[in-house]
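The values are calculated or read from the model by the stated rules, or taken from the named source; none is laboratory data. Here the structure is a predicted model, which means the values were calculated and not measured. When we count neighbours, we look across all protein chains shown, and the Cβ atoms used for this are built from the backbone with ideal geometry, even at glycine. Surface areas here come from the heavy atoms of the whole protein model, side chains and all, with no ligands, DNA or RNA. Shrake-Rupley method; radii C 1.70, N 1.55, O 1.52, S 1.80 Å.
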Amino acid sequence: MLIGGIEAGGTKMVCAIGETDGSLETEVKIVDRIFVPTKSPEETLPEMIQYFQKWDIQTLGIGCFGPVDLNRNSATYGCITKTPKPGWAYCDIAGAFTNALQIPVGFDTDVNGAILGEVVWGAAKGCESAIYITVGTGIGVGVYCNGKLVHGLVHPEGGHILLERHPGDHFKGNCPFHANCAEGLAAGPAIEKRWGKPAIELADKQEVWEMEAFYLAQAIANYVLCYSPQKIVLWGGVMHQKQLFAMVREKVKKILNGYVDHEMLDAQIDQYIVAPALGENPGILGAMCLGMLESTVYKGLHRVGI
């Protein structure tokens, strides 16, 4: 049985086809994938729809950049909302695929999709509560708590929590809304603007990563205190600087200062703050999982994530 998945990003759209036996116990096998540049909806969506029309898929899942409307009772459910991405504000992305393909379409944020993938098949398998943090062009946080993806007034926007500034940081911040939020201080564009070079060209600059770890550890300590996750999956382009993991872990321990008394935050912290087990695929596999959970074809499945 074939299913579709979309990891919808501000720069590119990843569209993929997965083969599944219909069980969440078995990881979906990705059999085809394309990348579509994110231009205007009028240019981008038809190309994506045409791709999926070539395949006999039973359901489709979309993990989308946000903010998005996840309230099923809302008139704008399935829409991207107030995004700064030109042309995409209030684009009904879920509706476009539902109407064109006439199949069930699951829809959530890209990071919620990614943590769902890691809970079902990856590093957070078996966890009742876990979070996925991506540090790249922006900072996003997907939250899975007490066996469900977290939705509420809107959805978690953990990338915009406010942080204490590093004493040596005089950068004004890169977020147009908040002077000292995590995304504005620690996402890839903030690193480039602060230091004058992209992160990939700063790999040997210890001061860059000390400051980055200072900010990421603050954010993670706050997530630990607020969500009490059993696993933290940390990824994104910035986290390809592998030295960051050890630095972040040690700073998290220092910030928490023994207050949260658990071995996972002490002797086993290298098993607590981890890279995704699904490699570069948590987003697209999580999107496929969203599609599986949406479809009545899979009504016998445990309704994890709904």
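Residues of segment 1-111: accessible area per residue at 1.4 Å, in Å²?
For segment 1-111, the per-residue accessible area is 46 Å².
Could you state the accessible area per residue of segment 122-194 in Å², with a 1.4 Å probe and every protein chain left in place?
Solvent-accessible surface per residue comes out at 47 Å².
Efficiency by 1/(1 + (r/R0)^6): what FRET value for A275 and F171, r their Cβ-Cβ distance, R0 = 41 Å, to the nearest 0.05?
FRET efficiency, A275 to F171: 0.90.
Give the range of the longest stretch in the chain that excludes all chymotrypsin sites (Phe, Trp or Tyr not before Pro) found in loop regions by DSSP and having at most 10 other beta-carbon atoms within 10 Å.
After excluding every exposed loop site, the longest remaining stretch is 1-176.
Can you list the aspartates and glutamates whose alpha carbon sits under 13 Å from that of K54, skipping same-chain ones fewer than 8 residues off?
D32
How big is the Kirkwood radius of segment 149-306, worked out from every pair of different alpha carbons and given in Å to one decimal?
Across segment 149-306, the inverse of the average 1/r is 17.4 Å.
Output ³J(HN,Hα) for segment 24-38: one whole-Hz value per residue in order, computed from phi by the Karplus curve 6.51 cos²θ - 1.76 cosθ + 1.60 with θ = phi - 60°, and x for Gly and Pro.
Values, residue by residue: 6, 6, 10, 4, 5, 8, 7, 10, 7, 7, 9, 10, 10, x, 7 Hz.
Give the angle, between 0 and 90 degrees and rounded to the nearest 10, that separates the Cα long axis of helix 243-256 from the longest principal axis of the Cα atoms of the chain.
Around 70 degrees separate the two axes.
What's the magnitude of the charge dipole for segment 115-201 around its Cα centre, counting Lys and Arg as +1 and Asp and Glu as -1 at the beta-carbon? Answer in Debye, nearest 20.
My answer is approximately 100 debye.
How big is the chain in terms of Cα radius of gyration and Dmax, in angstroms?
In order Rg, Dmax, the Cα atoms of the chain give 19.0, 56 Å.
What do you get for the angle between helix 110-121 and the principal long axis of the chain? Use alpha-carbon atoms, 0 to 90 degrees, nearest ten.
80
With a 1.4 Å probe and all protein chains left in place, how much of the accessible area of segment 160-306 comes from carbon and sulfur atoms, in whole percent?
Roughly 53 percent, rounded to a whole number.
For the chain, with a Gaussian network of springs between Cα atoms less than 10 Å apart, report the residue from H240, H178, H262 with the top mean-square fluctuation.
Result: H262 has the largest fluctuation of those listed.
Run the quick spin-label model on A246 and M1: label points 7 Å from Cα toward the beta carbon, then report their separation in nm to one decimal.
4.6
If each residue of separation counts as 0.36 nm, what is the full-extension length gain between L162 and K148 once their alpha-carbon separation is subtracted?
That pair, L162 and K148, stretches by 2.5 nm at full extension.
Roughly how big is the chain's charge dipole about its Cα centre, with Cβ charges of +1 (Lys, Arg) and -1 (Asp, Glu), in debye to the nearest 20?
Result for the chain is approximately 400 debye, rounded to the nearest 20.
Set the Förster distance to 30 Å, then compute FRET efficiency between D21 and Y77 from the Cβ-Cβ distance, nearest 0.05.
0.50
Once the mean 1/r over all distinct Cα pairs of segment 100-181 is inverted, what Kirkwood radius in angstroms do you read off?
14.7
Using the structure shown, select from K85/K242; K39/K82; K148/K231; K231/K251 the pairs with a Cα to Cα distance greater than 20 angstrom.
Correct reply: K85/K242.
Simple spin-label model, 7 Å along Cα-to-Cβ: Q53 to A267 in nm?
6.0
Report the trypsin sites (Lys or Arg not before Pro) located in segment 53-157 that are in a DSSP loop and have at most 10 other Cβ atoms inside 10 Å of their Cβ, or state none.
The qualifying sites are K54, R72, K82.
Roughly to the nearest percent, how much of the accessible area of segment 17-99 is carbon and sulfur, given a 1.4 Å probe?
Within segment 17-99, the accessible surface is 48 percent carbon and sulfur.
Could you calculate the contour length gain from C226 to E201, that is, 0.36 nm times the residue separation minus the distance between their Cα atoms, to one decimal place in nm?
Here the segment from C226 to E201 would lengthen by 5.6 nm.
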